[in-house]
Amino acid sequence: MNNDERLAEVTARFPFVACDYARALADASDAFRLQMEPDVRELEDEEEFGPDPFDEEGEAGGCFGLKQRFPDRVLIMTSNACFMNCRHCTRKGLLQHAEVVRSDEELAACAAYVQEHPLVRDVLLSGGDPLVLPDDEVMRFVRAFADLPQIDVVRLCTRAPCVNPARVTREIAARLAVGGKVWVNTQFNHADEVTPEAAAACVNLVNAGIPVSCQTVLLAGVNDSADAMLDLFRALQRARVRPYYVFQCDPVAGIAHFRVPLERAIEIERECAARIGGLGLPRFVADVPGASRKIPIAELSC
């Protein structure tokens, strides 16, 4: 099988999707291009890793489109599409057939599930990317949970500020800010991604009163050095985005070539801690199947 045939096999299994902005950014940044372009190495770890280490294909309590791994939070699948299919995505093998909440009845069932579980105080709107939906649809999801008295936080999990910043308008930011419960979790992995357009998108959210946090993924060949990470953290701070987490790549089929050895990850964390103040230093963690919390990478070496 030649390289073109193998790439066709990759995209048949893990489809290629990228909006115009993402394609243009990939032309300007090798670090971003590696996150966008299919790679034949995505087929090399099938025996080592599975597509669903966190058992996301199951339903929580029989509630369609709702996932629960921790007692105080739930995740709602709002969409099975993104502005760009990241090649390192945890759900890269699941999105095509994901259970997505679409109807009013399905959404009402999810809200009822939350009410029946009073420990839940945090709802993550994820997918896919919620912002591929029209504004009114996004707000339908937000209101379904923000209106519940037990809910403190509705997290909008989106990579739009990075891969399609024009989507993050002042109008949607103002609508999301109503009620004061929405936080935005986004993902930037390299300083090249914090373009003037991306920074403006983040400022739209922050100026509306919405906290914005970044969950970076540690990726071999993209950001696996202290210098690259520090450049990113400082660029995020200039855009008033909190560097929140740096994740080790999840143990998911198709992304082993991005995984950075644990020892190297710990070295990067230590060097960053010695060179930047705590306000700009995220926690370096791993999401471990079956764990009750995010695990600091230093604990994994014990």
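Any idea which of Val212, Val203, Val184, Val194 is within 13 Å of Val154 (Cβ to Cβ) and either among the hydrophobic types (A, V, I, L, M, F, W, C) or crowded, with 17+ Cβ neighbours inside 10 Å (or both)? Write out each step before concluding.
Values: Val212 fails: within 13 Å of Val154 (Cβ to Cβ); Val203 fails: within 13 Å of Val154 (Cβ to Cβ); Val194 fails: within 13 Å of Val154 (Cβ to Cβ).
Checking each option against the conditions leaves just Val184.
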Only one of Leu125, Leu176 is crowded, with 21+ Cβ neighbours inside 10 Å, at pLDDT 95 or above and within 13 Å of the chain's Cα centre (by Cα). Can you tell me which?
Leu125
Helices (runs of 4 or more DSSP H) within region 138-257 that include 3 or more residues within 28 Å of Ala108 (Cα to Cα):
170-177
Picked from region 248-290 (must be surrounded by 13 or more Cβ atoms within 10 Å (Cβ to Cβ) and among the small types (Gly, Ala, Ser)), the residue modelled with the lowest pLDDT is Ala253
Looking for whichever is in contact with a helix residue (DSSP H, G or I) (Cβ under 7 Å, 6 or more places away or on another chain), farther than 28 Å from Arg155 by Cα and at pLDDT 90 or above here; the options are Leu43, Leu66. Which one fits?
Leu43
Mind checking which residues of region 3-24 are free of Cβ contacts under 8 Å to residues at least 60 places away in the same chain and surrounded by fewer than 17 Cβ atoms within 10 Å (Cβ to Cβ)?
Asn3, Asp4, Glu5, Arg6, Ala8, Glu9, Thr11, Ala12, Asp20, Arg23, Ala24
Considering each residue of region 171-226, count those that are touching a strand residue (DSSP E or B) at 6+ places or on another chain (Cβ under 8 Å) and either in contact (Cβ under 8 Å) with a residue 60 or more places away in the chain or of a type in the set (S, T, N, Q) (or both), and give that number.
11
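Considering Leu230, Leu281, Leu236, Leu219, which residue is farther than 20 Å from Asn185 by Cβ and in contact with a Cys (Cβ under 8 Å, 6 or more places away or on another chain)? Lay out the reasoning, then the answer.
Working: Leu281 fails: farther than 20 Å from Asn185 by Cβ; Leu236 fails: farther than 20 Å from Asn185 by Cβ; Leu219 fails: farther than 20 Å from Asn185 by Cβ.
Result of the check over Leu230, Leu281, Leu236, Leu219: Leu230.
Pick from region 70-89 the residues that are in a strand (DSSP E or B) and at pLDDT 95 or above: which of them is farthest from Gly127 (Cα to Cα)? Quick ask: steps written out before the conclusion?
Taking region 70-89 and keeping what is in a strand (DSSP E or B), we get 70, 73-77, 84.
From the residues that got through so far, the ones that are at pLDDT 95 or above too are 73-77, 84.
Numbers: Arg73: 15, Val74: 13, Leu75: 9, Ile76: 7, Met77: 5, Met84: 12 Å.
In this case the residue turns out to be Arg73.
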Among the residues of region 264-294, the number that are among the β-branched types (Val, Ile, Thr) and not in a loop (DSSP other than H, G, I, E, B) is 3
Top-ranked residue in region 260-294 [being among the basic types (Lys, Arg) and in contact with a Lys or Arg (Cβ under 8 Å, 6 or more places away or on another chain); ranked as nearest to Arg234 (Cα to Cα)]:
Arg283
Among the numbered conditions (1) outside any strand (DSSP E or B); (2) modelled with pLDDT of 95 or more, tell me where Lys92 comes up short.
(2)
Only one of (1) buried (at least 21 other Cβ atoms within 10 Å of the Cβ); (2) without any contact (Cβ under 8 Å) to a residue 12 or more places away in the chain is not met by Pro149, so which one is it?
(1)
Checking Ile255 against (1) farther than 20 Å from Thr195 by Cα; (2) free of Cβ contacts under 8 Å to residues at least 60 places away in the same chain; (3) touching a Cys at 6+ places or on another chain (Cβ under 6 Å), only one condition comes out false. Which one?
(2)
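The values are calculated or read from the model by the stated rules, or taken from the named source; none is laboratory data. This structure is a prediction, so every number in the text was calculated from the model and none was measured. Cβ coordinates were reconstructed from backbone atoms using ideal geometry, including for glycine residues, and neighbour counts include every protein chain displayed.
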